[in-house]
Amino acid sequence: MQTIATIFWRRLDAPGHDACRLERHGESWQLDGAAVFQHTDGRPARLDYRVYCDKAWHTKWGRVRGWVGSGQVDFAIARNARGDWTLNDEVVPEMGHCIDLDLGFTPATNLVQLRRLNLKKGEAADVPVAWMDLDGDSLAAVAQRYTRQGDGEYAYESPRFEYKETLKVGDEGFVTRYPGLWESVS
């Protein structure tokens, strides 16, 4: 294992922080992180997460453990050889077109999409993701779009959440400024 980069974010829309590191495991990649924040309904949350990708940045599996309020969180998410997504070993239907896992409580997983896409200036891509919904204890397909505007700048859209902003991205691919939601402090 080789640590490639680390980052520390502070949440902007509620109290919270997130720390993450990007690791290389042979030809594969892994994100390891921990987020402590106030959930949208006001409950405190502490979540540890891990996302594992192959050498081409295709998500193979993810794990989320911790708690939100008094409720325990323990999700094992995987993409099998047929391209089906599973949540705690149960197949989630109609998700086979999704390549990336998006953990909605952290900005860390945007790195996976940006690294896999490797967009040149002016290029754009629509990215359907398997989005982890903490409130519904489920995975859902969510449409996203990235347009590279320049060095370290990507126009980002997520119509389901009516979110459209320009993300600032550091050299290693971590989002450093996610307007209204997160910003790096290191």
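Rule-based calculations on the coordinates, nothing more; no lab input. Please read these numbers as outputs of a predicted model, since none were measured by experiment. When we count neighbours, we look across all protein chains shown, and the Cβ atoms used for this are built from the backbone with ideal geometry, even at glycine.
Please check: in the Gaussian network model of the chain (C-alpha springs, under 10 Å), which one of Ala81, Ala143, Ala35 has the largest mean-square fluctuation.
Residue with maximal mean-square fluctuation among Ala81, Ala143, Ala35: Ala81.
For a quick check, take a GNM of the chain with Cα springs below 10 Å and name the residue from Val36, Val91, Val51 with the largest mean-square fluctuation.
Val91
Stretched out fully, how many nm does the piece from Asp137 to Gln38 gain, at 0.36 nm a residue minus the Cα gap?
Result for the pair: 33.9 nm of gain on full extension.
Which lysines does Lys168 reach when only Cα atoms under 16 Å apart count, and residues fewer than 8 places away in its own chain are ignored?
Qualifying lysines at Cα under 16 Å: Lys120, Lys121.
Please find, in a Gaussian network model of the chain (springs between Cα atoms separated by less than 10 Å), the residue of Thr147, Thr40, Thr176 whose mean-square fluctuation is greatest.
Ranking Thr147, Thr40, Thr176 by mean-square fluctuation puts Thr40 first.
Among the trypsin sites (Lys or Arg not before Pro) within the range 9-73, which fall in a DSSP loop and have no more than 14 other Cβ atoms within 10 Å of their own Cβ?
Within the range 9-73, the qualifying trypsin sites (Lys or Arg not before Pro) (loop, at most 14 other Cβ atoms within 10 Å) are Lys55.
Once you put a point 7 Å from the Cα of Ala125 and another 7 Å from the Cα of Thr86, both along the Cβ direction, what distance in nm separates them?
The two pseudo-label positions are separated by 2.7 nm.
If you work out semi-axes √(5λ) of the Cα gyration tensor in Å from the coordinates, which of (i) 22, 20, 17; (ii) 26, 18, 15; (iii) 39, 21, 13 do you get?
Of the listed options (i) 22, 20, 17; (ii) 26, 18, 15; (iii) 39, 21, 13, (i) comes from this structure.
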